[in-house]
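I have placed the structure first, in the form of structure tokens, so that the comments after it can refer back to it.
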There are 2 protein chains.
Amino acid sequence: MRYSKLFSKTSKEVPSDEVSKNAQLLIKAGFIHKEMAGVYAYLPLGLKVVENIKQIVREEMNKVGGEEIIMTALQRKEVWEKTDRWSDDKVDVWFKSKLKNDTEVGFGWSHEEPISEMMTKYIKSYRDLPVYVYQFQTKLRNELRAKSGIMRGREFVMKDMYSYTTSEEEHKKFYDSTIQAYLEVFKRVGLGDITYLTFASGGAFTQFSHEFQTITDAGEDVVYLDREKNIAINEEVYTDEVINQLGVDKAKLEKVKTAEVGNIFSFGDTKSKQLDLNYINEAGESVPVILGSYGIGITRLVGVIVEHFSDEKGIMWPENVAPFKVHLVGLNQEDESIKSKANKVYEELTNAGIEVIFDDRVETQAGEKFSDADLIGIPWRVVVSKKSGDQVELKKRDSKESQLMSVEELISKVK
Amino acid sequence: MRYSKLFSKTSKEVPSDEVSKNAQLLIKAGFIHKEMAGVYAYLPLGLKVVENIKQIVREEMNKVGGEEIIMTALQRKEVWEKTDRWSDDKVDVWFKSKLKNDTEVGFGWSHEEPISEMMTKYIKSYRDLPVYVYQFQTKLRNELRAKSGIMRGREFVMKDMYSYTTSEEEHKKFYDSTIQAYLEVFKRVGLGDITYLTFASGGAFTQFSHEFQTITDAGEDVVYLDREKNIAINEEVYTDEVINQLGVDKAKLEKVKTAEVGNIFSFGDTKSKQLDLNYINEAGESVPVILGSYGIGITRLVGVIVEHFSDEKGIMWPENVAPFKVHLVGLNQEDESIKSKANKVYEELTNAGIEVIFDDRVETQAGEKFSDADLIGIPWRVVVSKKSGDQVELKKRDSKESQLMSVEELISKVK
């Protein structure tokens, strides 16, 4: 795409109430727009990043057998009353409103209840199980404060998946395969090295739930890390008993600040009992379905990636999530022959199937073009200028070295 | 995909309050789930249809220069007060709620205001224009009644695009290119023959707005149709003066019921003045931006398609929007050799890049499989059975004739 056509130009200004690094950088670089505290619109570049992450998550969820659906924002009171989560005393993040006939409705801050209630229609017999469903949903949460940019919003995108199985064994098998799928997701988005499977507090049915915690100073959590064993313990369950139980060495544990990017949870049959979600087993008896829930904060991931992959100049997107692969900078574009050369490189890269943002501005100086490229953070910067002659100049965003090469070499290098 | 893995089985039951044909068929066929009146979740098959339509619309909007973004559901009161559309007296479909600090917030029923207000940040000079942006947004509207299934919902997906231009001429050019893009969209989704560019009431700046109206008894509108000239007049502007002005012959006009699937509207500089959306022109003066808005009801389109493309047996999806191209029915699957043959056909079609839903159920009778296939409405039905021998039996959903052929012939025929 041509930068001259992109409306979301870079800017030096950020809203005065914006204190988080992730939102500041994303606003400056033109990825997001702040509508109010904790509520952000995604502009062309930002939406591309979100869609790239969604596609990675989608592929991994499909691999474990997930079926994609989309539930609704509007929520019925009766459903949530069954699990005692309608009252504001029990759940303090509800947005609520009323239909014209005065019926109270809520706006979805989570979807375990409506999905599970819907499943009472589709799950009747052991033959209908297992079922694994997921969605990418915009969650609405009436948070008291929202100061972490896109890492904790009042409106944000989450992937939530739910598993419905016949038995604890079947559940455990899926739960474990999801742990692997999640680790693969975090690896693919570039956070594999700093994201840890973390033991956290469980519920009525399991001692632990599991979180996926990514090391970042911008996080709100604290975990104790065993880098060798590749696991962590959330401080909420950090006791000598748990340390012994997990077989880790207390002396080696490292206390770090983290952000929770995913969590998975076993409900056993608790929710199924509340919602009358039963099935007829092979013996002909009616028994409750076993339920698990599996979340990944999609827009939070964008924020965590920016917190981690950035320097004083701007963002440095990992290749798999970057909105474009190549940032083509055309210099000296007032010179028709260099302009036509830059246009030709743009076409050749595009024809080779490489996603390119092409800074084709004529009246903008080289310095501004370079600082915009650094701010936006596309992995490969390619310069066409008077100086580059018949070649192009390639530089990685996170490197200081640049290299002259032919367009053919460039294509084989970045593709 | 294997039908045995799809959780959203067909069903004979529909909610007792569901009176619309589109929702009844989509619920029976397992495409949607009714959460409450006018609020539907989209299950795997339904989501695929929605995504297919979105992709067609996306391609056409990109062709006219649209940039995709996504705005927020949560809305600030101040923004809507500027255009006098916050008050419930002025707009009677608002859902509203409050932040913890008692600040009132609304839920987006439209997005002209927040997008245009955001543009005050990005549009400063004539050099920043034109800008064309669009989104696929879930709109929330507190409708008094919601009885038309997914054709008029309290929660629904809309594509809304906005154009920001320097002059009426530039605006007109884009407006006209969007008319062509819209006609192409309706053609591609299968409604081209029954969808008409319709003259409807305008506003302060233009005598007419334009709607795209599709002939259907399930619609809520009435238009007067000139089939020869391929245009229609909404009854709201149906006067002798307008008839003369448009040069149509009153005697030839046909009164029909229709559903509005798209509409486009010129705002001139009205909204820009209200929202202080100005730019510096080439003469150095600050002048208001010219604004246009362009909507397509994505989920409404799904409903209209079902109303039109269905018979007493079920849905008949047009190829471009169908969730799968082929419905492969394996009969006699208790016979291992036929089962393995059906599996082989499934693999061959899939490997050829054809999207297939494979009814691999073993204990289900042929009659039920056929009636499920008719209900779901995939364009091509392929049967593998004892009878089909080394061939397969191909039938179009809307035809009674079936034909035996080899898998190779099948692939070249449906691809």
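Bear in mind that the values in this text are calculations on the coordinates, not laboratory data. As the structure is a prediction and not an experimental result, all values here were calculated from the model. Here Cβ is always computed from backbone atoms with ideal geometry, including for glycine, and neighbour counts include all displayed protein chains.
What to note about this one:
- For chain A, radius of gyration divided by Kirkwood radius, i.e. Rg to Rh on alpha-carbons: 1.04
- Cβ-based net charge around A:THR364, under 12 Å, with every Lys or Arg adding one and every Asp or Glu removing one: -2
- Distance (nanometres) between label positions extended 7 Å along Cα→Cβ at A:LYS250 and A:LYS121: 5.4
- Rounded FRET efficiency, nearest 0.05, which uses the C-beta distance separating A:LYS415 from B:THR270 and R0 of 60 Å: 0.75
- Here chain B carries DSSP beta bridges of which approximately 80% are antiparallel, counting only pairs with both residues inside.
- Spin-label proximity, A:ASN62 to region B:292-331 - amide N less than 11 Å from point 7 Å beyond Cα toward beta carbon: none
- Potential lengthening between A:LYS229 and A:GLU401 on full extension [0.36 nm per residue; Cα-Cα distance subtracted]: 58.3 nm
- Cα gyration tensor shape of region A:1-121, rounded if a/c is under 1.5, else prolate or oblate by comparing a/b with b/c: oblate
- The modelled label-to-label distance for the pair A:SER167/B:ASP17, using points 7 Å beyond Cα in the direction of Cβ, is 4.2 nm.
- Anisotropy class of the protein assembly as shown from Cα gyration tensor, a/c 1.5 cut: rounded
- Restricting region A:65-127 to trypsin sites (Lys or Arg not before Pro) that sit in a DSSP loop and have at most 16 other Cβ atoms within 10 Å of their own Cβ leaves A:LYS90, A:LYS100, A:LYS124.
- Shape of region A:326-414, Cα gyration tensor, a/c cut at 1.5: rounded
- For B:GLN403, the distances from its label point to the matching points in the remaining copies are 5.5 nm, ordered from shortest, with each point set 7 Å beyond Cα toward Cβ.
- Among B:SER20, B:MET61, B:VAL39 - extreme Cα towards positive end, dipole of region B:1-70, charges at beta-carbon: B:SER20
- What separates the B:PRO15 label point from its copies, with the point 7 Å along Cα to Cβ, is 3.5 nm, written shortest first.
- In this structure, the residue pairs whose Cα-Cα separation is over 26 Å, taken from B:LYS82/B:LYS159; B:LYS63/B:LYS255; A:LYS82/B:LYS21, are B:LYS63/B:LYS255; A:LYS82/B:LYS21.
- Computed on chain A, with alpha-carbon pairs under 8 angstrom and 6+ residues apart, the relative contact order is 16 percent.
- Structural descriptor for region A:326-414: relative contact order 31 percent, calculated from alpha carbon pairs under 8 angstrom and at least 6 residues apart.
- Normalising by residue count, region A:152-207 has a Cα convex hull of 136 Å³ per residue.
- Basic side chains Lys and Arg get +1 at the Cβ, acidic Asp and Glu get -1 at the Cβ, and with that the dipole of chain A about its Cα centre reaches some 1040 debye.
- When the pairs B:LYS173/B:LYS325; A:LYS98/B:LYS139; A:LYS9/B:LYS98; A:LYS28/B:LYS124 are compared against a 28 Å limit on Cα-Cα distance, B:LYS173/B:LYS325; A:LYS9/B:LYS98 fall above it.
- A Förster radius of 35 Å combined with the Cβ-Cβ distance from A:ASP217 to A:GLU368 puts the calculated FRET efficiency at roughly 0.70.
- With label points defined 7 Å past Cα in the direction of Cβ, position B:LYS90 shows copy-to-copy spacings of 3.9 nm, given to one decimal and shortest first.
- Within the protein assembly as shown, helix-based [θ] at 222 nm, where runs of 4 or more DSSP H residues each add -39,500 (n - 2.57), nearest 500: -9000 deg cm²/dmol
- Cβ-Cβ FRET estimate between B:LYS387 and B:ASP311, R0 fixed at 22 Å, reported to 0.05: 0.30
- Semi-axes of the equivalent ellipsoid for region B:200-243, computed as √(5λ) from the eigenvalues of its C-alpha gyration tensor and ordered from largest down, come to 18, 13, 10 Å.
- Inter-probe distance in nm under a simple model that places probes 7 Å from Cα toward Cβ, at B:GLN207 and B:VAL242: 1.1
- DSSP beta bridges fully contained in region A:326-414 are about 45 percent antiparallel.
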